[in-house]
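Asks: First, the structure itself, so that you have it in front of you.
The values are calculated or read from the model by the stated rules, or taken from the named source; none is laboratory data. Keep in mind that this is a model prediction, so the values were computed, not measured. Every residue, glycine as well, gets a Cβ built from its backbone with ideal geometry; the counts of neighbours run over all protein chains shown. Protein only, heavy atoms only, side chains kept; ligands, DNA and RNA dropped before computing areas. Shrake-Rupley method; radii C 1.70, N 1.55, O 1.52, S 1.80 Å.
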Amino acid sequence: MTTTLPTTPAASVRRHGHSTVPRSAAMLIMGVSTVYFLLPLWWLFVGATKSREQFTDTQPLWFADLHLFDNVRELVTYRDGVFLRWILNSVAYTGGAALLGTLLAAMCGYALAKYRFPGREVIFNVVLSGVLVPATALALPLFLIFSKMHATNTFWAVFLPSLVNPFGVYLARVYATAGVPDGLLEAARIDGSGEIRTFFTISAKLMSPALVTIFLFHFVAVWNNFLLPLIMLSDERLFPVTLGLYSWNTQVNQVPELRGLVIVGSLISIAPLAVAFLLLQRFWRTGISTGAVK
Amino acid sequence: MTQVATPPQAPESAARRNRRPTRYTRAIALFVAPFGVLFALFYLVPIVYAIVQSLYVVQRTGTYGPAREVFGGLAQYRLVFSDGPFWGSVGRMLAFGAVQVPVMLGLALALALLLDSGLVTGRRFFRLAFFVPYAVPGVVAAIMWGFLYSPNLSPLKPITSTVDLLSADTVLWSIANVVTWVYVGYNMLIIYSALMAIPTEMYEAAHLDGASRLRIAWSIKIPLVMPAIVLTTVFSIIGTLQLLAEPQVFRSFSSAVSSTYTPNMTVFSMSAIPNFNLAAAFSVVLALTTFVLSFAFLKTTQRRGMP
């Protein structure tokens, strides 16, 4: 592609020696980007530690008197601890749906990759076009169906639809095709292991980087889902934390003390996802390229 | 691409194999059925149901008479296509996407290339720092930025006192900034993972030949990560047309955001009235528009020789 001219080692050394300018420029861009991405979170953190008066009167980017614990106490006791309930709801909706959903997607994707059976391609293509159907387009018809069964405004109305993750099936199939050798499955069969047992003891382990990726994608999607709970739920005791914070935020103009609660609540609502990301970061990086490169 | 590599077989044994009944039927059913049933119930049935609902109209005998649903053919779709605010909101989202998606993905690509260039020390830290906003739910990100844009609270006073970031002219781009802030790191990570998967031999030779880093990035790295860029673009197109949480939150901060500001907000406000049949028709049209756009994008990039 490029014409090959013999270069001396000296030339290449010189080039490296002169790279201080691009190096500083690169670090400058990195630094500015870091400020852009982290400053809002810093502001939120600082704001959450302030009392109501100091929130408006003091320098927004630096601490005043430490009020964080009082703020948290006010938050979790406000209206009989409804905020804690929202957090628990979110964990139940999200953790439950992501765990179960990942398992279901993994089994389906694995079967599509490792077995030949009639209808295999049809199933895969239908599921794949499911990826292109925006989840929000389903929220309204789901609401209509659940209301026919008098099941709106229940835990299940949000939980059950959240289990389905077609992109997870796609990722699981791609990864099982590449990561689970047929020979190994054959060997397991000769050893007398049943198909189901082989999946849980051998294949699932081999697929674990992909499973973590699927789990995290799914976790984020459900944690961030807004339209479905917004349409389905009217009882605030069933709200996930995002919907709860949203409802408080709409009342800030009438009930000014809610503003402080919204700030502290926002900070706390970010924590579970941040922790999950940090813990699973290593897996998540190796797995994410599976979906992108193919 | 995803075809299973079958061991080489004589043709006649392959043919016999096809006629043989499927093995492990029970295991396959056990693997596929749980997802399959839920997918049918919560994906396929709602789609069909939305289409059916959109073909009905509510009729009343007199003003206060009992309502009943009768088949109305494409009556709801006539309403959808003559609904100015809805198409206004679709146009608004197309303008939004035409600016925000390239800016966001350009930033993501630039940061990924810089991280991969060998010019940056502390890569682990930067990767995490850029990715953290993705852990912030859209609602929370919008609440946070909403406060940051508000003139009386913001640490950005020099900016907010000269430009009203929440006025009718600017609020769309203020929302675009929120979406960009959340998703740059996520897209960067996808592109960066693809960059890491390129074997270094691919550009070591070019480097020895004296090609600059910029040239290597442009001629070697970017073409090789094109599949990742296409994937992130498709997801971004889908995401843009579905925008709901951020603008819905911004209604508390700016009176310029109406209840029909984005297509999904129209669907939601129609269902709150309630006019379910019309809302269903909106949903169907929106899903189709999204599907056609992302599909068209995939096809054009494929035709141009990109995978």
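Asks: By the gyration tensor of its Cα atoms, with a ≥ b ≥ c the square roots of the eigenvalues, what is the shape of the stretch A:140-221: rounded for a/c under 1.5, prolate for a/b over b/c, or oblate?
Replies: Here the stretch A:140-221 falls in the prolate category.
Asks: In a Gaussian network model over chain A where Cα atoms closer than 10 Å are linked, find which of A:L184, A:L258, A:L163 has the largest mean-square fluctuation.
Replies: Comparing A:L184, A:L258, A:L163 in a Gaussian network model of chain A, the most mobile one is A:L184.
Asks: Another one. Counting each DSSP H run of 4 or more residues in chain B as -39500 (n - 2.57), what helix-only mean residue ellipticity at 222 nm follows after dividing by all residues, to the nearest 500 deg cm²/dmol?
Replies: -20500 deg cm²/dmol
Asks: Expressed as a rounded percentage, what relative contact order does the stretch B:105-181 have, with Cα pairs under 8 Å and six or more residues apart?
Replies: Computed value for the stretch B:105-181: 20 percent relative contact order.
Asks: Another one. For the full complex of protein chains and a 1.4 angstrom probe, list B:I191, B:I229, A:I190 by accessible area with the highest value first.
Replies: Largest to smallest exposure gives the sequence A:I190, B:I229, B:I191.
Asks: What is the projected area of the convex hull of the Cα atoms of the stretch B:105-196, averaged over all directions, in nm²?
Replies: Convex hull of Cα atoms, orientation-averaged projection: 6.9 nm².
Asks: Hey, what do the phi angles of the stretch A:99-111 turn into as Karplus ³J(HN,Hα) couplings, whole Hz, using 6.51/-1.76/1.60 and θ = phi - 60°, x for Gly and Pro?
Replies: Per-residue couplings from phi come out as 5, 5, x, 5, 4, 5, 5, 5, 4, 5, x, 4, 4 Hz.
Asks: For B:Y56, enumerate residues with amide H under 5 Å from its amide H, sequence gap 5+ or separate chain, H modeled in the peptide plane.
Replies: HN-HN under 5 Å from B:Y56: B:G72.
Asks: Right, something else. Using only the C-alpha atoms of the protein assembly as shown, find the volume of their convex hull and express it per residue in Å³.
Replies: So the per-residue hull volume is 207 Å³.
Asks: Report, in deg cm²/dmol and to the nearest 500, the calculated mean residue ellipticity at 222 nm for chain A, where each DSSP H run with n ≥ 4 adds -39500 (n - 2.57) and the sum is divided by the residue count.
Replies: The helix contribution divided over chain A gives -23000 deg cm²/dmol.
Asks: Here are some pairs, A:K114/A:K205; B:K221/B:K299; A:K114/B:K221; which of them have Cα atoms lying more than 26 Å apart in this structure?
Replies: Over 26 Å apart, Cα to Cα: A:K114/B:K221.
Asks: Mind listing the phi-derived Karplus ³J(HN,Hα) values for the stretch A:66-74, rounded to whole Hz, using 6.51, -1.76 and 1.60 with θ = phi - 60°, and x for any glycine or proline?
Replies: Working through the residues one at a time gives 6, 10, 4, 5, 4, 4, 5, 4, 4 Hz.
Asks: To continue, here is another question. Once the whole set of protein chains is in place, how much accessible area is left on A:H67, using a 1.4 Å probe, in Å² to the nearest 10?
Replies: Counting only protein heavy atoms, A:H67 exposes about 60 Å² to solvent.
Asks: I'd like the accessible area for B:D83, computed on protein heavy atoms only with a 1.4 Å probe and all protein chains in place. Round to 10 Å², please.
Replies: Accessible area, nearest 10 Å²: 40 Å².
Asks: Still on this model: Which distance in Å, rounded to a whole number, links the C-alpha centroids of the stretch A:75-95 and the stretch A:99-172?
Replies: So the separation of the two Cα centres works out to 27 Å.
Asks: Where a Cα-Cα gap under 23 Å defines reach, which lysines qualify for A:K50, not counting those fewer than 8 residues away within the same chain?
Replies: Straight-line reach from A:K50, under 23 Å: B:K157.
Asks: Could you go through the stretch B:204-221 in sequence order and give the Karplus-derived ³J(HN,Hα) for each residue, using 6.51 cos²θ - 1.76 cosθ + 1.60 with θ = phi - 60°, rounded to whole Hz, and x for Gly and Pro?
Replies: Once θ is set to phi - 60°, the couplings for the stretch B:204-221 become 4, 4, 4, 5, 5, 6, x, 5, 6, 4, 4, 5, 4, 4, 6, 8, 10, 5 Hz.
Asks: Using a/c under 1.5 as the rounded threshold, could you call the stretch B:26-73 rounded, prolate or oblate? The axes a ≥ b ≥ c are square roots of the C-alpha gyration tensor eigenvalues, and prolate needs a/b larger than b/c, oblate otherwise.
Replies: It comes out prolate by the Cα gyration axes.
Asks: Right, another one. Net charge around B:T121, counting only other residues with Cβ within less than 13 Å of its Cβ (Lys, Arg = +1; Asp, Glu = -1)?
Replies: +4
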